[in-house]
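Okay, so here's the structure we're looking at.
A short reminder: the numbers here are calculations on the coordinates, not readings from a lab. Owing to the predicted nature of the structure, the values given are computational and were not obtained by experimental measurement. With ideal geometry, Cβ positions are generated from the backbone for all residues, glycine too; neighbour counts draw on all protein chains shown.
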Amino acid sequence: MMEVLLNKLYEQNELTQEDIVYFLEHLTPEYQKRLFDLAVETRKKFYNKSVFMRGLIEFSNYCKQDCLYCGLRRSNPHVERYRLSESDILDCAEEGYNLGYRSFVLQSGEDFRFTEELMISIVTSIKSRFPDAAITLSIGERSEAFYRALYDAGTDRYLLRHETASRSLYESLHPGMSFDHRISCLHVLKDIGYQVGAGFMVGLPGQTHNHLAEDLLFLKELHPEMIGIGPFIPHSETPLKEAVGGTVQDTLVMIAMARLLVPDALMPATTAMGTLDPTGREKALRAGANVVMPNLSPPKVREKYALYENKICTGDEASHCRTCLEMRIIASGYEIELSRGDHCRVISPK
Ligand code: SAH
Ligand code: SF4
């Protein structure tokens, strides 16, 4: 049976929910290795050996939401909050540009002080200074009008993980937020024309194989350009501080399955993987991931952007991140790609 399922994953890029659950329950170390090898083969068909670099700028840790798992949640009084100014953000982009990056991700908590007007100004300035760079926003849920205005200002991509495709699990982790709204944001972003990133955490409290199968099938159905999958890492100042959290191994399996179900996706080897295991990101590359996100935030704020604790690379200069990641990528048998790194279906980027 496992042979049949592996073949179906590789040849047809699909499985039913029952099949995924069966597969996860019967996954031996040997099948796991085969799964990772097939994921790597599949990624090569679309992106060869390239690993795409995206410079990450964490520009505000203020957040109006209260996600139970996240260290930046509004009910955590121990966070020293910060906001970067527009000129700080431009300096980060400039540093990244000089290091060769042509893709920037601007991420923050849900901070409505960054109004539509201010975000348009930031995106417009980056685009006019660095017209050959792609801009991705990852700033949470906003209105359709906001998403449209930012797209018109030149934003290329938007990351908004669905976090979990199970309505009940979603609702238990996100007080005051709506599952339907999260999902509708993803559809709106897609309709507007953004390259969209969805994704989920592995090892959330109460998450079962059935939930993970739902996550994978949700991604298959949505067919986003980017998929971020990372382990949940409990934070000591949140209600989930006693939770067990996700493992590198379980996350690798999800990355490989997502690669086979959505073969042309751009998938990061996340910082959370590198935090749980010094070689976690390399392992992710060898399970089908093909993106890394070097940190470009000013070193003085990095520790304050603690979605989870003990995040790696908080003490490093941007240039150090570049060299360190480059070495890791090459040692894993891959090649660095510094271009915008559009999805392979995008023919003429904006
Ligand atoms: N506020 C925006 C973007 C910043 S959070 C948003 O929520 O969309 C970026 C991602 O960090 C979230 O999507 C979530 O999946 C992840 N995250 C938050 N807390 C985490 C934790 N404790 N462990 C692992 N990942 C976490
Ligand atoms: Fe805010 Fe994002 Fe953290 Fe939720 S996950 S509390 S929205 S920063």
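What is the Cα centroid distance between the stretch 239-302 and the stretch 46-64, reported in whole angstrom?
Each part reduced to its Cα centre gives a spacing of 12 Å.
Hey, could you pull the Cα Rg and Dmax for the chain, both in Å?
Rg then Dmax for the chain, in Å: 18.9, 58.
For Leu56, Leu6, what ranking results if the residue with the fewest other Cβ atoms within 10 Å of its Cβ goes first?
Leu6, Leu56
What is the spin-label model distance, in nm, from Glu18 to His78 if the labels are put 7 Å beyond Cα along the C-beta direction?
4.7
Let me know the volume per residue of the alpha-carbon convex hull for the stretch 99-170, in Å³.
111
To test your reading of the geometry: what angle, between 0 and 90 degrees and rounded to tens, separates the Cα axis of helix 29-47 from the longest principal axis of the chain?
50
I need the P(r) histogram for the stretch 118-215: all alpha carbon pairs, bin width 5 Å from 0 out to the longest distance, whole percents.
The distribution over the stretch 118-215 is 2, 12, 23, 19, 15, 12, 8, 6, 2, 0, given as percents.
Quick one: angle between helix 209-222 and the longest Cα principal axis of the chain, in degrees between 0 and 90, rounded to 10, please.
60
Extending each Cα 7 Å along its Cβ direction at Leu338 and Phe46, get the distance between those two points in nm, one decimal.
My value for the distance between the label points is 2.6 nm.
Which angle from 0 to 90°, rounded to the nearest 10, does the C-alpha axis of helix 116-129 make with the longest principal axis of the chain?
90
So which lysines can Lys241 reach, going by Cα to Cα under 27 Å and dropping same-chain residues fewer than 8 places off?
In chain and number order, the partners are Lys64, Lys283, Lys300, Lys304, Lys311.
When the Cα centres of the stretch 1-18 and the stretch 119-196 are compared, how far apart do they sit, in Å?
Answer, in whole Å: 32.
Within 10 Å of each residue's Cβ, count the other Cβ atoms and sort Thr115, Thr155 from fewest upward.
Fewest-to-most Cβ neighbours within 10 Å comes out as Thr115, Thr155.
Could you pull out every residue, at least 5 positions away or on a different chain, whose amide H is within less than 5 Å of the one on Ile336? Hs are placed 1.01 Å off N in the peptide plane, and Pro or chain starts have none.
Val51
What order do you get for 257-263, 295-301, 243-249 when each peptide is scored by the mean count of other beta carbon atoms within 10 Å, highest first?
Final packing ranking: 257-263, 295-301, 243-249.
Rounded to the nearest 5, what % of DSSP beta bridges with both residues in the chain are antiparallel?
Here the antiparallel bridges make up roughly 5 percent for the chain.
Considering amide H positions built from the backbone, and no H for Pro or chain starts, which residues 5 or more places from Met226, or on another chain, come under 5 Å of its amide H?
Here Val196, Gly197, Ala198, Leu266 satisfy the definition.
Per q in 0.17, 0.21 Å⁻¹, report the Debye log10 I(q)/I(0) for the stretch 40-165, using one uniform scatterer on each alpha carbon and no solvent.
Ignoring solvent entirely, the Cα scatterers give -0.95, -1.24.
Stretched out fully, how many nm does the piece from Val244 to Asp191 gain, at 0.36 nm a residue minus the Cα gap?
Extra length available between Val244 and Asp191 comes to 15.3 nm.
Assigning unit charges at the beta carbon (Lys, Arg +1; Asp, Glu -1) and nothing else, what dipole magnitude in debye, to the nearest 20, does the chain show about its Cα centre?
In total the dipole reaches around 480 debye.
Just to be sure I understand: if I project the alpha-carbon convex hull of the stretch 219-350 onto a plane and average over all orientations, what area do I get in nm²?
9.4
Which order results if Glu116, Glu94, Glu80 are arranged by neighbouring Cβ count within 10 Å, fewest first?
By the 10 Å Cβ count, ascending: Glu80, Glu94, Glu116.
Quick check on the chain: helices-only [θ] at 222 nm, where DSSP H runs of length 4 and up contribute -39,500 (n - 2.57) each and the sum goes over total residues. Nearest 500, please.
-13500 deg cm²/dmol
Quick one: what are the phi-derived ³J(HN,Hα) couplings along the stretch 310-322, Karplus 6.51/-1.76/1.60 with θ = phi - 60°, whole Hz, x for glycine and proline?
6, 4, 6, 6, 6, x, 8, 6, 4, 5, 5, 4, 4
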